Structure formats: structure tokens, C-alpha cells
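Q: Below: one structure in C-alpha cells.
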Amino acid sequence: MALLQQNTPSTLAGAPGHQSNFAPQRIPPTVQQPLISASAPASAPSYISEATRQLTRLSKAVGQDEIKREKLLHALRSAGAEWARKPIPLSLDRSAWVSDVSNDHSPYEYSLALSQQTGASELRFLIEAQPEQNSLAALQESTSRLTDEIMTQYGPEKVSVDRLNLVRDLFLPADAEGRLAAWHSFATSNTLEKWKIYLNPVAAGMQNACRVIRQALERLGLAHSWALLETILTDNDCPIYFSLGLSPNPEDAEVKVYVAHFGASATQIAHKHVQMDRQASIPAIEQFYLAMGGGSLGPYRRKPGLSCFHFKNRDPSRPAARTVLYPMDSYAVNDADAQQRVETYMDAISAPQLYRERYRSAIRAVQRRPLEAGRGIHSWVSMKEKPDGTRSNTFYLSAELFGCLGDDSLATYSVDESL
């Protein structure tokens, strides 16, 4: 899940009555040491075969049985159309559509959620249906076809697009901006299987992002959720993703709003969570950021920290859960350093042995190079808190189809304070 790269105005309409001065500066990252073998392109693995290989290894690494694994792989096959059967090129083709799903521009990414209490796992993939032409309009067409295909294959008993249809025009306008139309994700665990769709709040322009979020939440019966979210938005905050669960049960279907906190420290982010939910733990959030930041509480001047606020219709007046996310790929020296930070955190929270084993096994399953050789396998790490006090961590893992990140991906995100 790479941070959105937008070609948009430098102002963002925040809460009514003020504007923010958000102006991210980023050079698109280059990648080093391509990981596909030097054989002829015709003999290279396809996108779908490599995703199947890595997901199978990940599924086995976290102890999923064959039934759950097959559900995961069936969903992957459903999401992979003609483009996914093409061989992976030896290097990224920048004349075609360049996906922002993953930090090396692979069109899919994996993530593993682990319970801090039990080590119970949830495995997920995130994918972008690749367009035939290099345009946002073509991308909208390809992602819409994938939504229709998922609905056809899974049926109304498992998947519903009713709520998506209520907000589709807000996120998929005819004159859309940016580099995201829709991403799709599928997750499976011992207790669930679910599809979600990720949409772009700034598709109608950065200055309209908050208006889009407000209208979407109101149409979904979550006006109280917007009123709560609005209280924490400042000049340096920007909603960057809107996630909609495709569950046919509207009371259970989750809506998630991701907010980037540009230039914020861990403590500033933690206080926003307390504003949203008095049961939020400032020490737990600071402990998470301190470990992931290698001893730093920020402020984070490269990729910003993110918050994700989860809402459900059963009680729109408070978050159903809250998540903080740390952009590991922008701060760790290499993936060995990233793993050491995670190990430090596991010790700090006294993570159960099953949690530790599953995390380590997952990294071994997805890596195709020594961890010391570069950055990028660890993309984001998150901590989720539920109202009952339970916590989990999610590790976002890059497929690294095109290599590890180069130094130019450390470009600074800044806020233009002169405005």
C-alpha cells in the first residue's frame, strides 16, 4: 500500500471554514537489483503464478489449512484477468500503467494481521486490476469490471455492491485525478472471508477530499461518524483512502477512512485517537511508534504516519476500531533493520510465541533476497485497537517483483508553511 502520489492542487479543504497547506514532495522511487531471473521474458513467471507461489508460501507459513488456502487462491484467480497471465517483465515498464499498490509498483501486495493476545492470524492480498491503456479512464474501466466479476462469482449471499453504488460517483468521477481508481482486497482467517474495495477521496481534487468523505459517510448513514472525524482534522491532515466492506450485511460492513498526518509526531497522532475515543491508549500508540521508529517518536518528515478509523452502522457515534500505521519502508536502513525493530516491539508487548513464529515465517516465505540487501519487503506496520482493548498488528509485505527500493524513495514529504 504505497502512499498516493497525486498531481493535485496544494490546498486541501479540511473541516468547514479552513484550508490545509498540504504539499507533499516526492520523487517516484526507483528500484534496485531486479529479482526476476535473467532468462528470456517469455520464460519469466506470470503475475498470477508468482502471486500464487508467494501466497501459498505465506498461507503455509501461518498455518492455514487447505480449505482456507484454496479460498484465498480462488479469490486471487478471480481477481487476475488477462493481464495477470502475462509474464513479469525484467524491469518496470514505465510506458504502461505504473501501479501504486506496492512500493516497488508491483500490482499486488500481501498483509498479515496477528493478534497480540493469541497470535491468531488473518492473511490478505490487495490487488489493482491493470488497464489495457496507460490512462486513469482505462483504469476505472478495468477496476469496475473486476468489481462486477467478484459480484458475479461470489453472488449476493457473500458480496454486495449496494453501498458502493451509493457513493460510486464520488470516488469514480468522469474527470478523475490521481493514480487510484479502486483496489480490491480479500482476507481470510479462521472466522471470516471478506472482500473490500479501496477508493480515492482525492479523485475530484485534493481540495475536495473532506467534502467527498463527508458526503460518502452521510449517504451511508454515518453522519455521526463524519462529525466525530471532523474534530481531529487539522491543516496537516489529509484523507487518502476510503475502504468499503462488500459484506451483504449493512450492519456488519465496515467503512474505513485513512488519514495521513504530514509532519506529525507519534504523540500528536496518539492525541487524535484520544479525541476520537477516550479509551485509546497514548502509551500503547507511543510504544508502537517508538519501536517501529527505531527509538524515534518523530515528527516523521518522510512518509507520514497514518491513522485508519473504522466505522459501522450499528454505532456510528464512535469508531468500531482504530489503527495507526508506520511507513517502515521510508525509515529502516534495510529489511534486517526493519525486522529488528519488529523484534524489539514483540519483546515490549510480550508477544506470544505463535505471533513471533508466524511473523518470522511470513518474512521468510515472501523474501527473495537477503534482508540486509535492501529495503522494501516491510512496507507498513500497523497497530489496531478495538473498543474491548484487544490489539493486533498488521505487516504489509511487498512482492518485490521489480526489486528493492532505491535511495530516492527517501524524499521528504513537507508542508508548505508559507501559505
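Q: Using Cα pairs closer than 8 Å and at least 6 residues apart in sequence, work out the relative contact order for the chain, in percent.
A: 24
Q: How big is the Rg/Rh ratio for segment 68-186, C-alpha atoms only, Rh by Kirkwood, two decimals? Display every interim value, and only then the final one.
A: Working: Rg = 15.6 Å, Rh = 15.8 Å.
Radius of gyration over Kirkwood radius for segment 68-186 works out to 0.98.
Q: Moving to a separate point now. Taking the mean number of other Cβ atoms within 10 Å as a proxy for protection, how do you rank 233-244, 68-79 from highest to lowest? Don't skip to the answer; put the middle values down first.
A: Working: 233-244: 21.3, 68-79: 18.0.
Descending packing order for the listed peptides: 233-244, 68-79.
Q: Also, quick follow-up: Using the per-residue mean of other Cβ atoms lying within 10 Å as a proxy for protection, in what order, highest first, do the peptides 143-154, 171-182 fall?
A: Highest mean packing first, the order is 171-182, 143-154.
Q: In units of 2.2 N^0.38 Å, what is the alpha-carbon radius of gyration of segment 268-388?
A: Working: Rg = 15.3 Å, N = 121, 2.2 N^0.38 = 13.6 Å.
Cα-based Rg divided by the globular estimate yields 1.13.
Q: At 0.36 nm per residue, minus the direct Cα-Cα distance, what do E132 and Q215 gain on full extension? Give it in nm, one decimal, please. Before the final figure, lay out the partial values.
A: Values: separation 83, 0.36 × 83 = 29.88 nm, distance 3.16 nm.
That pair, E132 and Q215, stretches by 26.7 nm at full extension.
Q: Per 0.36 nm of contour for each residue apart, how much would the distance between E357 and A174 grow if the chain were fully extended, relative to their Cα-Cα spacing?
A: 61.2 nm
Q: Right, here's the next one. Given N residues in the chain, what is its alpha carbon radius of gyration divided by 2.2 N^0.38 Å?
A: That ratio works out to 0.91.
Q: What is the spin-label model distance, in nm, from R53 to A227 if the labels are put 7 Å beyond Cα along the C-beta direction?
A: With each label placed 7 Å out from Cα toward Cβ, I get 5.5 nm.
Q: Quick one: dipole size for segment 55-401, taken about the Cα centre, charges +1 on Lys/Arg Cβ and -1 on Asp/Glu Cβ, in debye to the nearest 20.
A: It comes to approximately 500 debye.
Q: Sticking with this structure for a sec: Once you put a point 7 Å from the Cα of R85 and another 7 Å from the Cα of T191, both along the Cβ direction, what distance in nm separates them?
A: 3.9
Q: So what does log10 I(q)/I(0) come out to for segment 193-279 at q = 0.19, 0.22 Å⁻¹, using the Debye formula with one equal point on every Cα and no solvent?
A: For segment 193-279, the Cα-only Debye profile gives -0.94, -1.18.
Q: Grab the alpha carbons of segment 117-203, take their convex hull, and tell me the volume per residue in Å³.
A: With only Cα atoms used, segment 117-203 gives 122 Å³ per residue.
Q: Just how large is the dipole of segment 346-388 about the Cα centre, in debye to the nearest 20, putting +1 at every Lys and Arg Cβ and -1 at every Asp and Glu Cβ?
A: That gives a dipole near 280 debye.
Q: Considering the options V167, A75, V212, tell which one lies farthest towards the positive end of the dipole of the chain, charges being +1 on Lys and Arg and -1 on Asp and Glu at the Cβ, about the Cα centre.
A: After comparing all options, I get A75.
Q: Shifting gears a bit: Tell me the Rg and the Dmax, in Å, that the Cα atoms of segment 140-298 produce.
A: Spelled out, the Cα radius of gyration and Dmax of segment 140-298 are 17.2, 49 Å.
Q: Same structure again: When the distances between all Cα atoms of segment 253-330 are binned every 10 Å from zero, what whole-number percent does each bin get?
A: 19, 51, 24, 5
Q: Using DSSP to call loops (not H, G, I, E or B), can you name the trypsin sites (Lys or Arg not before Pro) in segment 180-272 whose Cβ has at most 14 other Cβ atoms within 10 angstrom?
A: Answer in residue order: no site qualifies.
Each reported figure results from applying straightforward, stated rules to the coordinates on display, with no laboratory input. These numbers were taken from a predicted model, which means no experiment stands behind them. In this analysis, Cβ positions are derived from the backbone assuming ideal geometry, glycine residues included, and neighbour counts consider all displayed protein chains.
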